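Where a number appears in this text, it was derived from the coordinates with a stated rule and is not lab data. Predicted model, so just to flag it, every value in this text is computed and none were measured. Counting neighbours? That spans all protein chains shown, and the Cβs are built from the backbone with ideal geometry, glycine included.
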Amino acid sequence: MTEPEILYMVVPCYNEEAVLLETSSRLKEKYISLIERNMISKESRIVFVNDGSKDSTWEIIYELHESEPEFFSGVNLAHNAGHQNAVLAGLMTVKDICDMAITMDADLQDDIDTIDAMVEKYYDGNQVVYGVRNARDTDTFFKRFTAESFYKFMKVMGADVVYNHADFRLMSKRVLAELANFKEVNLFLRGMVPLIGFKSCSVYYERHERFAGESKYPLKKMLAFAVNGITSFSTKPLKLITTLGSIMSFISIVAFIWAFVVKIIGHSEKGWSSTLCSIWLIGGLQLLCLGIIGEYVGKIYAEVKQRPRYIIDKFINK
Ligand code: UDP
Ligand code: MG
């Protein structure tokens, strides 16, 4: 192998004081071993992005950087920007000083030993390496069911995502430069990266349980994330509305003819229940369709405002 290249790890952290010391020591071990095997350069760093935590997360990151700046760096965001924005903030901060970057959650659910395989695939010429989980044994049935339905639904709805891949991935400097050109405010990285293209591949790993602390993705946030993913990547729901509208119009024509025939034949209908039912049905459908359109209008609103997706307070890196 020629000169080893620079790897930057980007780890978003929101209220992660319970796991940070463990995560940092395991990542450091991995870095030492990678450097010894001449797979990554000594310039490589582990960057923790503090996403406006309310606990002592930033203090821990600061301490890590002060005591071992040859391993740890930190980005402090001015407020809680959300997971996707925090990841992007980290990536955009390091894009010009690294050759490749790996994003990983702070809770040790992603398998650190997969990093070796990712880096190897990078040297094989892959610009993007997706970390794909091969089992969901450690998740509860509910989490597994909702998550798997999510990927399937996304596919049906026309957003091309890698099945069972979350945000554990390696990207090359080139890909990061292209990612910087995506100006959207509604971020859904796992949908955006496949759009960039270039040679890519997947590596498989077993996902562990969260090391400590609790999930920052309760059901409500997960649903919001799914809706965001679909509406940011596909206009299929809007097309469905049109189809639904056409079907309903057709049914109403049939119903009209039927009512007319019944009247001619002479069976006078009281017709209360059928009228009432159709009113509810049509009213419900209209509200649903308006809601879907509203989702998109809201998106457009957020996009046209062009607000910054994150605000960086500090980048500590030696
Ligand atoms: N996270 C973040 N900002 C947030 C919420 C979460 O940076 O507003 C980070 C969190 O610290 C973790 C990662 O995103 O490193 C994934 O969150 P979590 O593990 O809670 O989600 P889950 O794995 O349960 O889906
Ligand atoms: Mg997690």
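How far, in degrees from 0 to 90, does helix 272-305 lean away from the longest principal axis of the Cα atoms of the chain, to the nearest 10? Helix 272-305 and the main axis of the chain meet at about 30 degrees. Neighbours of ALA86 by Cβ distance under 12 Å: Lys/Arg scored +1, Asp/Glu scored -1, total -2.
Amide H to amide H distances under 5 Å link ILE6 with SER41, ASP99, MET100, where only residues 5 or more positions off or on other chains count and H is placed in the peptide plane. Relative to the dominant Cα principal axis of the chain, helix 141-156 is inclined by about 70°. Over what distance in Å are the Cα centres of the range 1-57 and the range 78-150 separated? Between the Cα centre of the range 1-57 and that of the range 78-150, the gap is 13 Å. Compute the long axis of helix 17-36 from its Cα atoms, compare it with the longest principal axis of the Cα atoms of the chain, and write down the angle in degrees, 0 to 90, nearest 10. On a 0 to 90 degree scale, this one is about 60. Once you've got the Cα coordinates, tell me which of LYS143/LYS239; LYS155/LYS239; LYS30/LYS152; LYS216/LYS305 are over 25 Å apart. Beyond 25 Å between Cα atoms: LYS143/LYS239; LYS30/LYS152; LYS216/LYS305. The sum of -39500 (n - 2.57) across all DSSP H runs of n ≥ 4, divided by the residue count of the chain, sets its helix-only mean residue ellipticity at 222 nm to -17000 deg cm²/dmol.
Extension gain, SER41 to PHE211, is 58.3 nm, computed as 0.36 nm per intervening residue step minus the present C-alpha separation. Sequentially through the range 177-184, phi angles give Karplus couplings (6.51, -1.76, 1.60; θ = phi - 60°) of 4, 6, 4, 5, 7, 7, 9, 5 Hz, Gly and Pro residues having no value and appearing as x. Amide H to amide H, with H built 1.01 Å from N, ALA166 comes under 5 Å of ARG133, counting only residues 5 or more places away or on other chains.
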